[in-house]
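Scroll down for the structure; my scribbles are underneath it.
The values are calculated or read from the model by the stated rules, or taken from the named source; none is laboratory data. As the structure is a computational prediction, the values presented were derived from the model and not from experiment. Ideal geometry is used to build each Cβ from the backbone, glycine not excepted, and the neighbour counts take in all protein chains shown. These area figures cover heavy atoms from the full protein model, side chains too; ligands, DNA and RNA do not enter into them. Shrake-Rupley method; radii C 1.70, N 1.55, O 1.52, S 1.80 Å.
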Protein chains: 2
Amino acid sequence: MPKVVECITEMRKVVAEARLAGKTIGFVPTMGALHEGHMTLVREAKKVCDVVVVSIFINPTQFGPNEDFDAYPRTWAEDLNACRSAGVDVVFHPHVHEMYPDNWGTWVTVEDVTDKLCGKSRPIHFRGVATVVTKLLNIVQPDKAFFGQKDAQQVVVLKKMVRDLNMPYEIVMVPIVRDVDGLAKSSRNVYLNSEQRQAALVLYKSLCKAQELCRSGEPDSRKIREAVIACIESVSLAKIDYVEIYSFPDLADIDTLDQDALLAVAVKFGTTRLIDNTILKSNHICGG
Amino acid sequence: MPKVVECITEMRKVVAEARLAGKTIGFVPTMGALHEGHMTLVREAKKVCDVVVVSIFINPTQFGPNEDFDAYPRTWAEDLNACRSAGVDVVFHPHVHEMYPDNWGTWVTVEDVTDKLCGKSRPIHFRGVATVVTKLLNIVQPDKAFFGQKDAQQVVVLKKMVRDLNMPYEIVMVPIVRDVDGLAKSSRNVYLNSEQRQAALVLYKSLCKAQELCRSGEPDSRKIREAVIACIESVSLAKIDYVEIYSFPDLADIDTLDQDALLAVAVKFGTTRLIDNTILKSNHICGG
């Protein structure tokens, strides 16, 4: 079984001992409800680091007042089992009050890359993410921390934060993991009924359409965006929140695909909002 | 001579080597114009750490648009000499663009303790301080960082920041150093003409008055505050910005001196704004 640590002081002690023994530390921050995507992060961490720490902490400060903090899936027993099977060394599982004690109040805010895509409809989300990841990184002090491309904007924000604040940690982005039918793994997929789940396959379909256009040499990002929107709108259960193309990793506006670009989509199926994305390569040899 | 480092990568290398050799690192962040106050910080650092790093960086982000960033005293040759005399090992002296490259934009903001005292008249000041100190701490990664009580609110803000973001560094507060006549050492004292400098002695005089009242058993913070204001207002060149008493280190409002309290004053002499403070001990055995 992985060692389960609830308290920050003990967590520091455990990593200090590992470090004294000359071991490198890989860190996978999660909010639990672990799925194959998280396990891929763990596998990547195990490949390049001696000790792997997974944090399971549903961070209240990254949920807006009308979001799903209370409803967010909590599956502690299954998560711990998954960590054991994957050979995780330490699970950090702090209580909310351990992370946010009385009189707590210091925020990390990242500018520019947070005011678009998910930042537009979730205005305080990335402030909460940047802040809690800063705290977790400072507690675990890993060599490398692993995040999924599924939350591509999150990776962009965290890489910028680490660079801007000169944090001595490396942020590693790991490709999206999908179900066999193409739906990106997400803890929120459990909210979908079978009809919605079927409809949600349009996300991956629309991204493949974009890659196809990109590979065929279409240089106009507006045309690709319109094709993606048309593809998603053909499914009546899908309600688009956004479909956007920005340069990657700067998230600057672009008209022409003359540099790597992030095509990111957020779509609601019933009350469940799903996100997905793909990187459109400027050399037109596009990956997934 | 101390080793002078201008680039972040080299600074990281220098401290990594010291750490590998098993040495502890003490850090004194400054904006240069070094005086006896800074040198006391260096001496304290040398007492408890193997390697002492002083940074000299006039941080633009902590100056408001109408403040003295351009006029701030720059005395590089003298500063380097002072560091040599004091036995400083490394002087970190980065250019502005090294610290704030293009597309830089991530801020650390500390709530509550920043909206009073100097934070009231200098609204963006502590955001700039918290952000640059975060960056410097992450670059130097010291065991302990030393700050003067002269900027008591700054120490409160940084201690809260380090605690709230779980930074693996210790903030040490070192008592105020004064000229023989009582004027607190400050890089901004050079702005004063001789008449203003004479007038500025009222600051220390007013703090001593408060300590006297405290020692005599006066429990009412309003009465002490009024006595300090009366004392300062007796000098016509002195224009009060604030005279405040808050609990220390929480900076909460207090009526009665039943806990340690910070008496802090900010007063203008001509265009030069000076600050000074003293800690009023709840046990009535008051220090300076």
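Over chain A, Cα pairs under 8 Å with separation of 6+ residues give a relative contact order of 16 percent. Between B:Glu44, B:Glu212, B:Glu17, find the one with the highest GNM mean-square fluctuation for chain B; connect C-alpha pairs within less than 10 Å. Per the Cα network of chain B with a 10 Å cutoff, B:Glu17 tops the list. Of all the options B:Ala210, B:Ala16, B:Ala130, the one that moves most in a Gaussian network model of chain B with Cα springs shorter than 10 angstrom is B:Ala16.
Couplings for the range B:249-265, taken from phi via the Karplus curve 6.51 cos²θ - 1.76 cosθ + 1.60 with θ = phi - 60°, read x, 7, 6, 8, 4, 9, 9, 10, 7, 9, 8, 4, 9, 9, 9, 10, 10 Hz in order; Gly and Pro are left as x. Working value for chain B: equivalent-ellipsoid semi-axes of 33, 21, 19 Å, each the square root of 5 times a Cα gyration tensor eigenvalue, largest first. Over the range B:187-280, the pair-distance histogram of Cα-Cα distances with 10 Å bins from zero comes to 17, 49, 26, 8, 0 percent, rounded to whole numbers. A Cα-only calculation for the range A:135-193 places Rg and Dmax at 14.1, 44 Å.
Globularity index of the range B:3-174 is 0.98 (Cα radius of gyration / 2.2 N^0.38 Å, N = number of residues).
Contact residues in the range B:95-122 by the 50 Å² criterion (accessible area, 1.4 Å probe, full protein complex versus chain alone): B:Gly105, B:Thr106, B:Trp107, B:Thr109, B:Glu111. Multiplying the sequence separation of B:Asp250 and B:Thr271 by 0.36 nm and subtracting their Cα-Cα distance, what value in nm do you get? Extending this stretch completely gives an extra 4.5 nm.
Couplings for the range A:183-191, taken from phi via the Karplus curve 6.51 cos²θ - 1.76 cosθ + 1.60 with θ = phi - 60°, read 5, 5, 4, 7, 5, 7, 4, 5, 6 Hz in order; Gly and Pro are left as x. P(r) tail, the range B:100-165: Cα-Cα pairs separated by more than 16 Å, 46% of all pairs. Give me the Debye-computed log₁₀ of I(q)/I(0) at q = 0.06, 0.10, 0.12, 0.13 Å⁻¹ for the protein assembly as shown, equal point scatterers on Cα only, no solvent, two decimals. Calculated log10 I(q)/I(0) at the listed q: -0.38, -0.93, -1.18, -1.30.
If you take the beta carbon distance between A:Ala77 and A:Glu195 as r and set R0 to 45 Å, what does 1/(1 + (r/R0)^6) give as a FRET efficiency, to the nearest 0.05? Between A:Ala77 and A:Glu195 the formula returns 0.95.
Expressed to the nearest 5 percent, the antiparallel share of DSSP beta bridges inside chain A is 50 percent. A 1.4 Å probe run over the range A:187-280, with the rest of the protein chains in place, finds 47 Å² accessible per residue. Taking label positions 7 Å along the Cα-Cβ direction at both B:Asp70 and B:Cys208, the computed distance is 4.0 nm, reported to one decimal. Note on B:Lys159: lysines with a C-alpha under 23 Å away, same-chain residues under 8 apart excluded, are A:Lys13, A:Lys135, B:Lys46, B:Lys47, B:Lys116, B:Lys120, B:Lys135, B:Lys144, B:Lys150, B:Lys185, B:Lys281.
Could you identify which residue out of B:Gly217, B:Gly22, B:Gly105 has the top mean-square fluctuation in a GNM of chain B using Cα springs shorter than 10 Å? Residue with maximal mean-square fluctuation among B:Gly217, B:Gly22, B:Gly105: B:Gly105. Summarising the amide proton neighbourhood of B:Gly148: residues at separation of 5 or more, or on other chains, whose placed amide H is nearer than 5 Å comprise B:Val174. Taking a ≥ b ≥ c as the square roots of the Cα gyration tensor eigenvalues, the range A:94-205 comes out prolate, since a/c reaches at least 1.5 and a/b is larger than b/c. Does anything in the range A:145-169 have its amide N under 11 Å from the 7 Å Cα→Cβ label point of A:Arg215, and if so which residues? Answer for the range A:145-169: none. Distances between placed amide hydrogens fall under 5 Å for B:Asp241 paired with B:Ala266, B:Val267, B:Lys268, all partners being 5 or more residues away or on another chain.
Remark: label point of B:Val180 defined 7 Å out from Cα along the Cα-Cβ vector; separations to the same position in other copies 9.0 nm, ascending.
Amide H to amide H distances under 5 Å link B:Ile171 with B:Ala145, where only residues 5 or more positions off or on other chains count and H is placed in the peptide plane.
Here the Karplus relation 6.51 cos²θ - 1.76 cosθ + 1.60, evaluated at θ = phi - 60°, turns the backbone of the range B:43-51 into coupling constants of 4, 4, 4, 5, 4, 10, 10, 6, 10 Hz, with x for every Gly and Pro.
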